[in-house]
Every structure is written in structure tokens, then in C-alpha cells.
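Asker: One structure, pasted below without further comment.
The values are calculated or read from the model by the stated rules, or taken from the named source; none is laboratory data. These numbers were taken from a predicted model, which means no experiment stands behind them. Here the Cβ positions follow ideal geometry from the backbone for every residue, glycine too, while neighbour counts run over all protein chains shown.
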Amino acid sequence: MFKSCEELQAKIDQYTKELESKFNGRDGKRYIMLCGGTGCIAANSLGIKEKFEECIRREGLEDQCEIRVVGCFGMCSQGPFVRIFPEDTLYCLVSEDDIEEIVERDIKGNAVVTRLLYEDPVTHERVAKMQDICFYRKQRRIALHGCGIIDPDRIEEALGCGGYRGLIKALSMSQQDVIKLILDSGLRGRGGGGFPTGRKWQFAYDQESDAKYVVCNGDEGDPGAFMDRSVLEDNPLAVVEGMAIAGYAIGAKEGYFYIRAEYPRAVARVRAIIRQAESLGLLGDNILGTGFSFRAHVRLGAGAFVCGEETALLNSIMGQRGMPRPRPPFPAVKGLWDKPTIVNNVETLATVPYILREGLEAFTQYGTEKSKGTKVFALGGKVRNVGLVEIPMGVTLRELIYEIGGGIQNDRKFKAIQTGGPSGGCLTAEFLDEAIDFDNMVAHGSMMGSGGAIVMDEDNCMVDVARFYMNFIRDESCGKCTPCRIGTKRMLEILDRITEGRGTMQDFDDLEDISSACKTNSLCALGQTAANPVLSTIAHFKQEYLAHIKDKKCPAKVCRNLFSYTIIAEKCKKCGLCFRNCPVECISGEPGKTPFVIDMDKCIKCGTCMSSCRFDAIVKE
């Protein structure tokens, strides 16, 4: 157990040297790093680990190699990954069948297995090192510091990667000086609202109370978002440290992690790191002999999206129904059990130690005038390089999509990017050169949100996209206020009619009116932003709505009631593949004799015939 800051600092220095020796070859060993992110685990990275162990044991290389499972490497579309030190060679899309070749050629022969290196989508060159890959070149890891490097189950590795240096620095400062540093850094809440973090802390510090609390909002619920989960899984100590610094700054002695139960790995790792921190005296009473006491607890969310709203989240922690309450008073004044409480999301708290550890200039060198630092995005959809990215504020959408993301899959045409999840909006090609920051995104009809970014191409129907998000919001509305409870249901009904070919121009007008009423009159941000996907798609893709309503056509050929399949007689080879594979027997014809024909009255629009045809004889119309 560490009893002073000096004792901890000396041990951190030792851990840092030990960790560095694993990557620079000083100890003469080879380190085989495997991505332990959820995506790679689902793609069998643990099976790859077992295969490596078997091969290493068979070759008698146990004393020369160490196999490590670390956190997420970020570029999920290229996993599973194997990264080998000290050469720092990165292999992508690795399978168990590749392991013997890696051991034989690389581990034993010091020769790179070229076919497993990343292929640049533009130059088609093979790239061996992570920092030279387009996906990583413009990234700067602050919130994701340590992710993909350390073993998240071992607190000594997190300490060796900079852990708790920030808290040591904070404990040497006054509470007000810590708050001032966060204010001066320009750090804004990464959960979506972008409220200045230091100002929120100041509000709580100014309240006189016998108890105060810090809450980490880990209730990440946006479709396609996995930023907070990755941080909690890959370097949970960074978030614990950020929470402790916040607790010291405002005078709180207790903190709560609110994590959705669908993240069992994140929950387990946060609990494990809290136990380890307590055993070392890094949490608990009289931390490091400074007189500062702080304890952390974990509470599980049941998956309600509305509990991402801070007052609903606080109600849930207290055992009440997760429903928002009117503000003011704000949680910084009256939060958990009516005591001053600050609620920061995972990424915000993971960023705080960096500011204390590295200093103001190191953080503010990134970003724009009003949006400092970096932002983590879950980049998904139709880009080649799907994954987790952390970019400096001010990077453009074009850089995010075409340089980091590698461009659109299959060389299709970019159509829009949905940022901010269900609360955000769609931005089209005219905004590709706009800088990504809090205020700029809002000014153009979207928002940063917690960091979801879904890229869409010409094959996406924007009316269907709006319907998808509205279906999600309707299900997740807590029902407390009428504008959200009824408004989201009515908007979904209208969007259903439009995508089914039953929409009218009156529906179109009603959709805009209900959107405005829901936005203006709802109690919390869920209802206030529920109409954003509808309003943004109407603003940028009005003609697509009109095509559904007036022409009864879906330009993207996504809405099933608004397109049909046709077999082109001149291209049909009479092979019968479509006939044999049709699940509802709606295709007629005689193999080898006559072109086949689809009975659209029976067709269920499953697309099996089109995917079965080898001669492009079947088209959507």
C-alpha cells in the first residue's frame, strides 16, 4: 500500500521503465500483442492467442516470447490484429491458419509476412507500422491513452503508462487551482452537450454541503456507438483517476460509475481496477497520506436510452424510475440524494488526467478556439476503415471519412454522415470541408453528440434512415411528457406511411409541424432533439421525401413497397439459379429453354434472386 505521493511516484517511474523495456527490445524478448477489443474477441482473437501459445511452446520459444492481450487497436474492420515488438509490426485480418507462418517467418526468422500487412486503399502499398497507416496518422490519443498498449487487468501497467501522475499533481494544488486549470484548458463535456467541464465543477465547489458526489455517465446508448465502452474496457484506471481528481476538486468523497449492464466486460474491469486501487491505497481513506478520501462504486443501468440524460441517470442510481426531472435546480446544486453532484461522461473523465499530467499547453495545442483537445468517434457505416478514432477538434469531415476512414466502400458515392446518433442530424457533401467541433456541427444542423458517426452512400434511403432513428426514439421515450411520448409515435406513423408508399403531402406538412412541437415543448434533451434526424433529412433531401410521396418511388431502392425486381430477358442465361433459390417460388420458367419471369404479387423483396444471379440479369426498378 502506498502511503505517500513520493512513494507512489517512485514506483510509477519503475513501472514506466519496465513497460518501455517491453517495447524497445532492451530485455531481448519479443512481445506478441493481441487486440482484446470486443470486435476482435468476437472475431476469435482469443483462439489466435491459444494457437500462438501452442506454436511457441512447440518451438521452445517460451523464454524468448511473451503473448499479451491488450485493449482495442481501433481499426475494427481490419481485426483481429497481431502487433509484434520491438519491431512494431502490425498484422491485420489474422486467422488461426496464419499463426504458424508468423511464428516461423517473423518470430524465428525476423522476416515480415507481407500478405498480412495493411493495404493502403489508395496506393495499394503494404504498410508495416501502425503510425504509417492512414487510419492512425492524424489521430492523437488523449482519452484513449494507453488503450491498445497496456493489459487493462493489471494496474501496474496503467500506472506505468502515466496513471495517477495527474492525481499526484492535483493533490499538490488547491481545489480552486485544479478547477481553474480545467477551466483554462477549455475542456467541454464529451457526452454531447459540450458544457464547459470546469464551470460545472465550479458550480458544485461553490455549494456548501456535508456531502457531494461525482458520477461517471457510462450509459452509452446511441446505435453504433462504442467509445465509452472501449475506454472503460481498455484503460479503466484513467477514468477512475479522472473521477478522483474531480472529487478532490469539488470536495466529494464518493463517486458512482453508471454503466449499462450490456457492457459486462467494462463492468468487470472497472470493478477489478477499483479493487486493485483500494488494495494499493489509491482509493479509500487518506489517499497517499494527503487527507483526501475518495471511494468509487459501480451501478448498472438496465439499458434505458433516456438514462443518458443526467437527471434520469441520477434517479436510476437512487433506485427510482429513470425519468428526467425539470431543471433548475441542476445536479451541481441538487443531484444525488439532493446533494451537489457533477455528472461527466467517460471520455471527459479520461481526458482530465492528461491535462493535469501533461500540462495546459499539451492539451490546448489541439482543437479550435472554442473546442479544445480531441474527440473520440465511433466511425461506422459505409467507410472502408470502420473503427474507433480520436482526432483533434478542427479536423474536417473530409479528412475523417476519406483519409482516416479510407473512403467509401466499393468506391460508391458519398451521400451523408449522421453524427450525434438519434439526437443528431445528417450532413451532406457540401459540408465535407467543415471543421469538426461542438459549435460548427450545431450551426450546420447536426451535433457532435457522444461521438457516433455513421457514413452513408448512394444506396441509403434517407427517409428510411429517419424512420430507423425515430423508431429507436419512440421505443426509448420514457413517456413522462406528452410532446415526446405522443409526438415521436405520430412522427413514426407518418414515416411508416411514407416508406410504404401511402404518404401524402399532408403527411409531409404534419411531419414538420409535429417535429417543431416536439423540439420546442419536450421536457428533456431526448424529446427536444428527437426530431433532428427528420428535420435534417427534410432540409437536405426534400426531393427524396417527395419521390416517396408523389412518385411512389424510393430513389435508393430500399423501401420494399416502392421497388420491384425484373429479369432482363436478353441477359438471362436460363440457368435457373434464381428459380431454385427463391424461397417463395415466385419465379417461373424452364431451365435451358425460356427466360425466367418474377411474379411481383408473390415476391417478398428478399433479394435472393439478385444475389444468386451470376450474369447481372436481375435489376431493381
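Asker: Tell me which residues, restricted to the range 82-99, are modelled with pLDDT of 95 or more and either among the aromatic types (Phe, Trp, Tyr) or in a helix (DSSP H, G or I) (or both).
Answerer: Listed by number, the residues that qualify are 91, 96, 97, 98, 99.
Asker: Looking at the range 122-136, can you tell me whether even one residue there is assigned to a strand (DSSP E or B) and more than 27 Å from the chain's Cα centre (by Cα)? Quick ask: steps written out before the conclusion?
Answerer: Initially, the range 122-136 is screened for residues assigned to a strand (DSSP E or B), giving 126-127.
Still in the list and also more than 27 Å from the chain's Cα centre (by Cα): 126.
The answer is yes; a qualifying residue exists.
Asker: May I pose another question? Is it fair to say residue 346 is touching a helix residue (DSSP H, G or I) at 6+ places or on another chain (Cβ under 6 Å) and at pLDDT 95 or above? Don't jump to the end; show me each part of the working.
Answerer: On the way: touching a helix residue (DSSP H, G or I) at 6+ places or on another chain (Cβ under 6 Å): yes; at pLDDT 95 or above: yes.
For residue 346, the condition - touching a helix residue (DSSP H, G or I) at 6+ places or on another chain (Cβ under 6 Å) and at pLDDT 95 or above - is met.
Asker: Pick from the range 148-163 the residues that are acidic (Asp, Glu) and assigned to a loop (DSSP other than H, G, I, E, B): which of them is surrounded by the most Cβ atoms within 10 Å (Cβ to Cβ)? Show your work before the answer.
Answerer: Step one: of the range 148-163, the residues acidic (Asp, Glu) are 151, 153, 156-157.
Next cut, assigned to a loop (DSSP other than H, G, I, E, B) only: 151, 153.
Working: 151: 17, 153: 15.
Residue satisfying both the conditions and the ranking: 151.
Asker: Okay, next question. With modelled with pLDDT of 95 or more and either within 25 Å of residue 271 (Cβ to Cβ) or surrounded by fewer than 21 Cβ atoms within 10 Å (Cβ to Cβ) (or both) as the only criterion, which of 131, 175, 64 stands out?
Answerer: Details: 131 fails: modelled with pLDDT of 95 or more; 64 fails: modelled with pLDDT of 95 or more.
Answer to the check: 175.
Asker: What number of residues in the range 411-424 are over 22 Å from residue 367 (Cα atoms) and part of a strand (DSSP E or B)?
Answerer: Residues in the range 411-424 being over 22 Å from residue 367 (Cα atoms) and part of a strand (DSSP E or B): 3 in total.
Asker: Right, another one. If you take the residues of the range 257-275 that are closer than 19 Å to residue 247 by Cα and of a type outside the set (Val, Ile, Thr), which of them is surrounded by the fewest Cβ atoms within 10 Å (Cβ to Cβ)?
Answerer: So the first thing to find is which residues in the range 257-275 are closer than 19 Å to residue 247 by Cα, and the list is 257-259, 270-271, 273-275.
Of the ones still in play, those that are also of a type outside the set (Val, Ile, Thr) are 257-258, 271, 275.
Numbers: 257: 27, 258: 22, 271: 16, 275: 12.
Among those residues, the one meeting the criterion is 275.
Asker: Select from the range 258-296 the residues that are part of a strand (DSSP E or B), farther than 20 Å from residue 166 by Cβ and not hydroxyl-bearing (Ser, Thr, Tyr) and list them in ascending order. Before the answer, list the steps.
Answerer: Taking the range 258-296 as the starting set, the residues that turn out to be part of a strand (DSSP E or B) are 258-260, 284, 294-296.
Within this subset, residues satisfying the condition of being farther than 20 Å from residue 166 by Cβ are 258-260.
Across the range 258-296, the qualifying residues are 259, 260.
Asker: Looking only at residues that are closer than 22 Å to residue 39 by Cα and among the acidic types (Asp, Glu) in the range 205-249, which one is modelled with the lowest pLDDT?
Answerer: Looking at residues that are closer than 22 Å to residue 39 by Cα and among the acidic types (Asp, Glu), I get 222.
Asker: Right, here's the next one. May I ask you to list the residues in the range 480-505 that are in contact (Cβ under 8 Å) with a residue 40 or more places away in the chain, in contact with a helix residue (DSSP H, G or I) (Cβ under 7 Å, 6 or more places away or on another chain) and over 23 Å from residue 542 (Cβ atoms)?
Answerer: Scanning the range 480-505 gives 481, 483, 484.
Asker: Could you tell me whether residue 55 is over 26 Å from residue 376 (Cα atoms), crowded, with 16+ Cβ neighbours inside 10 Å and either assigned by TED's automatic domain parsing to the domain that holds residue 292 or touching a helix residue (DSSP H, G or I) at 6+ places or on another chain (Cβ under 6 Å) (or both)? Steps first, answer last, please.
Answerer: Numbers: over 26 Å from residue 376 (Cα atoms): yes; crowded, with 16+ Cβ neighbours inside 10 Å: yes; either assigned by TED's automatic domain parsing to the domain that holds residue 292 or touching a helix residue (DSSP H, G or I) at 6+ places or on another chain (Cβ under 6 Å) (or both): yes.
Spelling it out, residue 55 is indeed over 26 Å from residue 376 (Cα atoms), crowded, with 16+ Cβ neighbours inside 10 Å and either assigned by TED's automatic domain parsing to the domain that holds residue 292 or touching a helix residue (DSSP H, G or I) at 6+ places or on another chain (Cβ under 6 Å) (or both).
Asker: Regarding the range 502-516, can at least one residue be identified that is out of contact with any strand residue (DSSP E or B) (no Cβ under 7 Å at 6 or more places or on another chain), farther than 22 Å from residue 447 by Cβ, crowded, with 24+ Cβ neighbours inside 10 Å and of a type outside the set (Asp, Glu)? Before the answer, list the steps.
Answerer: So the first thing to find is which residues in the range 502-516 are out of contact with any strand residue (DSSP E or B) (no Cβ under 7 Å at 6 or more places or on another chain), and the list is 502-516.
Narrowing the set further to residues that are farther than 22 Å from residue 447 by Cβ leaves 502-510, 513.
Narrowing the set further to residues that are crowded, with 24+ Cβ neighbours inside 10 Å leaves none.
For the range 502-516, residues out of contact with any strand residue (DSSP E or B) (no Cβ under 7 Å at 6 or more places or on another chain), farther than 22 Å from residue 447 by Cβ, crowded, with 24+ Cβ neighbours inside 10 Å and of a type outside the set (Asp, Glu): absent.
Asker: Would you be able to say whether some residue in the range 220-233 is at negative phi, surrounded by fewer than 24 Cβ atoms within 10 Å (Cβ to Cβ) and free of Cβ contacts under 8 Å to residues at least 24 places away in the same chain?
Answerer: No: the range 220-233 contains no residue that is at negative phi, surrounded by fewer than 24 Cβ atoms within 10 Å (Cβ to Cβ) and free of Cβ contacts under 8 Å to residues at least 24 places away in the same chain.
Asker: Check residue 454 against each of (1) surrounded by fewer than 19 Cβ atoms within 10 Å (Cβ to Cβ); (2) over 21 Å from residue 546 (Cα atoms) and name the one condition it does not meet.
Answerer: With (1) surrounded by fewer than 19 Cβ atoms within 10 Å (Cβ to Cβ); (2) over 21 Å from residue 546 (Cα atoms) applied to residue 454, the lone miss is (1).
Asker: What about residue 447, is it in contact with a Phe, Trp or Tyr (Cβ under 9 Å, 6 or more places away or on another chain), surrounded by 19 or more Cβ atoms within 10 Å (Cβ to Cβ) and under 15 Å from residue 536 (Cα atoms)?
Answerer: Taking the combined requirement at face value, the residue satisfies it.
Asker: Suppose the filter is touching a residue at least 12 places away in the same chain (Cβ under 8 Å) and closer than 30 Å to residue 224 by Cα; does residue 38 pass it? Steps first, answer last, please.
Answerer: On the way: touching a residue at least 12 places away in the same chain (Cβ under 8 Å): yes; closer than 30 Å to residue 224 by Cα: yes.
Yes.
Asker: Only one residue in 288, 283, 349 is outside the structural domain of residue 420 (by TED's automatic domain parsing) and either among the basic types (Lys, Arg) or closer than 13 Å to residue 214 by Cα (or both), so which one is that? Talk me through it step by step, then tell me what you get.
Answerer: On the way: 288 fails: either among the basic types (Lys, Arg) or closer than 13 Å to residue 214 by Cα (or both); 283 fails: either among the basic types (Lys, Arg) or closer than 13 Å to residue 214 by Cα (or both).
The conditions single out 349.
Asker: Moving on. Quick check on residue 418: is it in contact (Cβ under 8 Å) with a residue 24 or more places away in the chain and buried (at least 24 other Cβ atoms within 10 Å of the Cβ)?
Answerer: Yes.
Asker: Further question on the same structure: Can you tell me which residue is farthest from the chain's Cα centre (by Cα) among those in the range 24-62 that are assigned to a helix (DSSP H, G or I) and among the acidic types (Asp, Glu)?
Answerer: To start, the set of residues in the range 24-62 that are assigned to a helix (DSSP H, G or I) comprises 24, 38-42, 45-58.
Filter once more, so that each one left must be among the acidic types (Asp, Glu): 50, 53-54.
On the way: 50: 29, 53: 31, 54: 34 Å.
Ranking the candidates gives 54 first.
Asker: Going by the conditions given, is residue 425 closer than 20 Å to residue 221 by Cα, surrounded by 24 or more Cβ atoms within 10 Å (Cβ to Cβ) and touching a residue at least 60 places away in the same chain (Cβ under 8 Å)? Break it down into steps so the answer makes sense when it comes.
Answerer: Numbers: closer than 20 Å to residue 221 by Cα: yes; surrounded by 24 or more Cβ atoms within 10 Å (Cβ to Cβ): yes; touching a residue at least 60 places away in the same chain (Cβ under 8 Å): yes.
Answer is yes for this residue.
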